[in-house]
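Read the structure below first, then the notes.
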């Protein structure tokens, strides 16, 4: 009902009288009035005039299925959306839906997470109204050993989506953080359930700091698109652009589970390359720091580095983490 | 209570009077009588005489925590056992316990599974009283791309355990089926939940056909240890031997996630090697058959093969499956 009234108002592009709407949708005017109230509660600005009826003044910056699904030009990414204003964590919900058999491409979105998680069990700030907290369910028919590339491809899609929508110079910090002006705006947490011979499901969880005005002091490396660009951005536009780009790359990857065909694009966006970095190597509980030059990405998503003694190595995420010589990036 | 009475009777090695037991355990003779009834219902043969008291005549071939845990000389494998006579599937239960935080080494055992599963979603016959249906929870601190070796190591442990307990010539059909006289007695289904940078948990599910007298006609490749050896075997002894052997290898593997130090032992037990085999390659939905010579195993658990035109390849489980030229093995 609410959805039908919204669709009517969006199409009308002016006033629609209660009588008109009521005839078109075949419901009472009281039911329409109720739907209008609900839409206003979600943030839609709707003017009502006794004479002229209702008019949609402004669509809010919200990411409900109605908004994200509107004119979404993908084949299957985001064609089924599970949305709740508040969730524990979208990855948890997506895993639950995946266990219950949810289709590939199902998207879980929350406006706010109460227990958002980053990699390695770290907590992730996910306040209401300002960020994108979403998880996408995938079921590629590949072996689990090829899954780690996928999270780099998701990072590439989000980096390009942020560039397209905001015009900001978003870059990828290998393997898959997105940074703007040296600070993190996006993190990706990919989880999978697999047998040795195949993947049951993968959940790609993505958090983007879009319109936050401020961050806690203990997150010095975090920023938002608003803080860097000086304006508010449409969360819906970023989600839609990401889904479209990632779907194209993912279809390619399902054919051949390798970065090869996207590697040039990834390397172009990757700020870690062609400079000196610190590698933090975890060896038996303690962390060793080594300075190296990052020189490229392999088809498997590993980082090729050259040490100061000119020896080369390919390092994989999880065995090392990477810092800039003087800062986070 | 029941456990204490059983422990007393096992230690007594002769008759224990109701009064003796009652004094030792500090409970009434009526409570002891109840415990005896419960033990008898589980299959323990206990003689009771008005004069002499109770005597344990025969321990049944059961795999309750009491029996499997008795004199189990492992450090942490099987030190916590979750047992139910009937379960949907021990892998499902183990995954549930793992999600709730169960410790590494926790073992789930069922006497009978109502929804037992083999690899690739195939069903697995798991009747009561005759087989070993169990799942072990592991939490190795390794990257998910190194997990596939683990299932070969589990297969090696079970192959050696069956040899030790039964004296039968059990062999490994790569990657991890155990066969006796060319027919399958054991299958392993390993499932994992991982992030890209680390494994959350692995569940190693193992089914062993121990004392079945007969198999359905549609399982021509299946057999039991009893059918091949002509006698009944102790399920408890096989489980204990396996846990001990697998724990030693697993500790090694956690240090260096490679087959290297166990490869010679694996190759010795692997019946797939040094003979002509058929490789069934799955390519875009259809299956191609190629004849090849199996010549070795890599440290990653792949099978090294030489084709008839002398080219070599390393194939991984999931991309191919293997058959003998004229039969299953």
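No lab work stands behind these numbers, since they all come straight from the coordinates. If you're wondering where the values come from, they're calculated on a predicted model, not measured in any experiment. In this analysis, Cβ positions are derived from the backbone assuming ideal geometry, glycine residues included, and neighbour counts consider all displayed protein chains.
Angle between the Cα long axis of helix B:148-166 and the longest principal axis of chain B, 0 to 90 degrees, nearest 10?
The helix B:148-166 is inclined about 50 degrees to chain B.
For chain A, find the longest principal axis of its Cα atoms and tell me its angle to the long axis of helix A:2-12, 0 to 90°, nearest 10.
The angle comes out at about 80 degrees.
For segment B:269-312 and segment B:195-233, what is the separation of their Cα centres, given in Å?
Between the Cα centre of segment B:269-312 and that of segment B:195-233, the gap is 24 Å.
Go ahead and set up a Gaussian network model of chain B, Cα springs under 10 Å, then flag whichever of B:31, B:264, B:292 fluctuates most.
Of B:31, B:264, B:292, the Gaussian network model singles out B:31 as fluctuating most.
Given a Förster distance of 30 Å, report the FRET efficiency between residue B:304 and residue A:311 from their Cβ-Cβ distance, rounded to the nearest 0.05.
Computed FRET efficiency for residue B:304 and residue A:311: 0.55.
Inter-copy label distances at residue B:307, 7 Å along the Cα→beta-carbon direction, one decimal in nm, shortest first?
3.9
Got the residue A:13 label distances to the other copies yet, label 7 Å along Cα→Cβ, in nm, shortest first?
From this label point to the equivalent ones elsewhere in the assembly: 9.7 nm.
Please determine, in degrees from 0 to 90 and to the nearest 10, the orientation of helix B:90-99 with respect to the longest principal axis defined by the Cα atoms of chain B, where the helix direction is its Cα long axis.
Roughly 90 degrees between the two axes.
Which distance in Å, rounded to a whole number, links the C-alpha centroids of segment A:100-147 and segment B:103-129?
So the separation of the two Cα centres works out to 30 Å.
Please report, for residue A:71, the nm distances (one decimal) from its label point, 7 Å out from Cα along the beta-carbon direction, to the equivalent points in the remaining copies, shortest first.
Values, ascending and in nm: 7.7.
Add -39500 (n - 2.57) for each DSSP H run of 4 or more in chain B, then divide by its residues: what number comes out at 222 nm, to the nearest 500 deg cm²/dmol?
It comes out at -9000 deg cm²/dmol, rounded to the nearest 500.
Roughly how far apart, in whole Å, are the Cα centres of segment B:79-96 and segment B:7-67?
With segment B:79-96 and segment B:7-67 each reduced to a Cα centre, they are spaced 27 Å.
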